[in-house]
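Encoded as C-alpha cells, the structure appears first; notes follow it.
The values are calculated or read from the model by the stated rules, or taken from the named source; none is laboratory data. Since the structure is predicted, the reported quantities are computational estimates derived from the model, not experimental observations. A quick note on method: Cβ atoms are made from the backbone with ideal geometry, for glycine too, and the neighbour counts reach across all protein chains shown.
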Amino acid sequence: MGQQPKVLMPEQSPQHRLGYVIRELRSARGLSMRDLAARTFVSHAKVQRWENGARPPKDRAEAELIDRALDAGGAIVELWQEIERGVSGPSHVSDAAPHVSDTALDLATALSQAAASDGEGIFIPRRLDDGTVVLVALDRRALLRAGAGIGAAAVAGLPTPAAAVISAADDPFGFAKRATENWSGLRLSRPFPDFGVDWQALLPGGRSTLGSQLSLQVHPARIEGSRVIASIPDQRRAEEFLARPNRSLVVGAVNTEDVSRFYALDGRAARGKLAKNGGVYEVATPTAYELDDLTYGILWAVSNYDDALQADDQALAEARSDLKAYERLSASAVSREAAPGLNTVAHMWLGSDFCARHILRALPDLPTLPAFWTREQRGEEASAWLFFDHKYPYLRETTKALGGTSTRAFCVPEYVVRSSPRYERILMFLAVALMESLGIHAQFTADPAYETVEGFVVAPDKEAVIANWVRGDGMWHVDLTARSSVVREFTIAARDVDADSLTAAPTAAGRLRALAQYLDLPWSWLIQRCGQLAQYGSSGLIQSRSRLVSAAGIDAACTYVASLPADH
C-alpha cells in the first residue's frame, strides 16, 4: 500500500467523484485500464467512461464487482449509492484545513474487509467534517494483526500510510516506478538502514502460492553486443549484498533514448562475476535476461515454488515417506490433513508427484492408446510442468511408454484468460509448448461446462485412470476404473474437445500459434524472446534452492519455441 489517501474535491459531481476514485485506486493497485476491464469482464471503453464520469456503473452489482476488483472496501458502492440518491455534496470548498474525527474507525468492519481481501491492503471511505470524501489506506496484514493487539493504532483516525510514496530521488533509475506499473501486486520498499539492499521486493502469491521476497541492487549499465555491463561503484557494498544466502538480484539499468530498460542476474550467479575494469568493478549479464513479462513470470513462479518447498523441505520428505503406503491401493482420496502443517505449495507438489507415479504404473495395462485430460488453467498451476522436478521426466516417460504421440486436453474458458496477467499466460503457453515438444498434441476448449471434469487418462470406451490434484478438495484423488458410466463420461469429453479444439491444426507450430492467439500473446515476440533465453538458459536469471525445483522444463520449452517458424 504505497499510496497516500486520496481526497476528492467536494465541488465535483458524484459521477466525477466516483470516476476519480476508480482511477486513483486502479493506479494505486498498479493496474492498467485493460487490467481492470479484464477483472470486471467489460470493455476498455467502458472503464474509460467510468473514470471520466461519463457513465457510472449501471447497477449495484456492477459497482460491487468494481469494488472487489480494486479491493476498495466498499468505497465504490458507497459513492454509487450517492449517485443513486442524487446527492452532489457541499457546493463550496472551505478555506479551513479539514480534519478527520478523532473517533476510531470501526475495527470489526475493517478486519472483516481485510480478511475477505486477497490484496496487500484495503481502502476505507471516510467523510471529513466539511463533506470531503477521504479514502483511508490501511495495510491488510497490520489490520489482521490488530486483532491480536498489534498495530491497532493504524485504524484510529487518519493513519500514516504503510509506505510513503517513492520519490524520484529514491528511484534514480525509475526501476520501482516501471516495475510496479508493469506488474500488479509487486511491492517494492527501500529498507532503512539498507545494509547493502537497494530494494526489498515482495512478489505476490496466487490462489495456492504464498508469495516470496528477494533483495535487489540496481546499478547503471551499458550494452556491449549481447551483454549488459553493470558498473558497481562500491565493491564492498556489493560483496556484502551478494554474500548473503537469501535470494537476490543484481539489476543493470540501461537508459537509451530516454527509455530505461532493466536486466537481471541472480545473486549467486553474480558472485563469481565481479571483475575490475579501470578501477571500477563490473558484472555482466546477457541481454536475454531483460526484465519483461517472460522473465518476470519465471522469477515469480520459481520464487513462489522454491521458497515454499525449501521452507518445508524436511517435513515434506517425511510426509512423502509416510504417504507411500497409498501406492499399494488402486484408489485413494487423500485430504490435506494427512500432511498437517505443510504449506499449500508442498501439498501441490505431493499431489502432483503421487498422481504422476499413479499414471505411470497404470499406463502399461491400458488396452488402447489413451487420451489425457488435465485441469491446469492458469500459469500458476501450469508452472508445475515447467519447474517441479518430477514433471518433465514424467512427460518423457509417458511418451516413451506410449511409443508415439498422444493427446492432452485443457479447459481454459475466456474469463480465465481475461483475468490472468500476461506473465501467467506466457507460463501457460510454455507448459503446453513443453508437451508439444515431446509429441503430445494439446487440445483446448473454452466451454466452462468442462471445468469440473477431473484429470484423467482414458482408453476410450474401455478403461480410465483418474489422477487429479489441481483445484481438488484434497491433495489428490486417484482411481482405476472400468465402470461404464465413468469411462463413457471421460470418452465423450475427450472426443468433444478433439472434434472442436480451439487449437486444431495439423502441426505443433500451428497448434501453438493458435494457442498464442487465444491467450493474446504475440507469436513473433515469443519466438524471439524464447530464443534469446534458450541461448543462455534460465539458471543465471534465477537459481533454485530447493532440490524439488528444476529449470530443465523451462529451458526445454524455450528451446523448442525458439525452433518454431516465426512466420508460420
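Brief remarks on what is shown
- Segments classed as helices (runs of 4 or more DSSP H), wholly inside the stretch 385-446, with at least 3 members that are free of Cβ contacts under 8 Å to residues at least 24 places away in the same chain and charged (D, E, K, R): none
- Enumeration of residues in the stretch 165-222 that are surrounded by 15 or more Cβ atoms within 10 Å (Cβ to Cβ) and of a type in the set (V, I, T): I166, T180, V197, T209, V218
- The set of residues from the stretch 471-504 being within 28 Å of C558 (Cβ to Cβ) and out of contact with any strand residue (DSSP E or B) (no Cβ under 9 Å at 6 or more places or on another chain) comprises just one member, R471.
- Every test in (1) crowded, with 19+ Cβ neighbours inside 10 Å; (2) among the charged types (D, E, K, R); (3) within 18 Å of Q377 (Cβ to Cβ) is passed by D479 save one, and that test is (3).
- Taken together, the residues in the stretch 214-245 that are touching a helix residue (DSSP H, G or I) at 6+ places or on another chain (Cβ under 8 Å) and of a type in the set (S, T, N, Q) amount to 3.
- Matching residues in the stretch 425-452 - criterion: being over 25 Å from F387 (Cβ atoms) and among the aliphatic types (A, V, I, L, M): A446, A449
- Number of positions in the stretch 11-28 that are polar (S, T, N, Q), closer than 18 Å to A54 by Cβ and modelled with pLDDT of 80 or more: 1
- Filter result (within 20 Å of L363 (Cβ to Cβ) and touching a Leu at 6+ places or on another chain (Cβ under 8 Å)) within the stretch 444-461: V457, A459
- Entry remark, the stretch 38-87: residues being assigned to a helix (DSSP H, G or I), under 28 Å from N182 (Cα atoms) and in contact (Cβ under 8 Å) with a residue 60 or more places away in the chain number 3 in total.
- Looking at S260, S208, just one residue is polar (S, T, N, Q) and either under 28 Å from L342 (Cα atoms) or out of contact with any strand residue (DSSP E or B) (no Cβ under 9 Å at 6 or more places or on another chain) (or both), and that residue is S208.
- Of all residues in the stretch 171-210, those satisfying the criterion of being more than 23 Å from the chain's Cα centre (by Cα) and among the acidic types (D, E) are D171, D194, D198.
- Condition check for D479: of a type in the set (D, E) and modelled with pLDDT under 95: no
- Some residue of the stretch 278-287 being modelled with pLDDT of 95 or more and part of a helix (DSSP H, G or I): yes
- Only listed residue being assigned by TED's automatic domain parsing to the domain that holds S383 and either in contact with a strand residue (DSSP E or B) (Cβ under 7 Å, 6 or more places away or on another chain) or surrounded by fewer than 24 Cβ atoms within 10 Å (Cβ to Cβ) (or both), chosen from A433, A459: A459
- Annotation: G472 fulfils all but one of (1) more than 30 Å from D292 (Cα to Cα); (2) crowded, with 20+ Cβ neighbours inside 10 Å; the unmet one is (2).
- Among the residues of the stretch 492-501, those that are surrounded by fewer than 19 Cβ atoms within 10 Å (Cβ to Cβ) and either within 19 Å of K462 (Cα to Cα) or under 31 Å from the mean Cα position of the chain (by Cα) (or both) comprise I492, R495, D496, D498, D500.
- Unique match (being crowded, with 17+ Cβ neighbours inside 10 Å and farther than 30 Å from A534 by Cα) among V487, V412: V487
- Sole exception among (1) outside any strand (DSSP E or B); (2) touching a strand residue (DSSP E or B) at 6+ places or on another chain (Cβ under 9 Å); (3) closer than 30 Å to V465 by Cβ for A333, by number: (1)
- Assessment of the stretch 535-551 against the conditions (farther than 23 Å from V458 by Cβ, part of a helix (DSSP H, G or I) and within 22 Å of the chain's Cα centre (by Cα)) yields no matching residue.
- Selection of the stretch 336-353 for residues being under 21 Å from T481 (Cα atoms) and either touching a residue at least 60 places away in the same chain (Cβ under 8 Å) or of a type in the set (A, V, I, L, M) (or both) yields G351, S352.
- Within the stretch 354-365, residues that are farther than 19 Å from L548 by Cα reach partners that are crowded, with 17+ Cβ neighbours inside 10 Å and among the aliphatic types (A, V, I, L, M) with beta carbons closer than 6 Å, at six or more positions or on different chains, in the pairs I359/V457; I359/V465; I359/A467; A362/V465; A362/L480.
- Among residues of the stretch 29-46 being buried (at least 21 other Cβ atoms within 10 Å of the Cβ) and in contact with a Lys or Arg (Cβ under 8 Å, 6 or more places away or on another chain), the one that is modelled with the highest pLDDT is L36.
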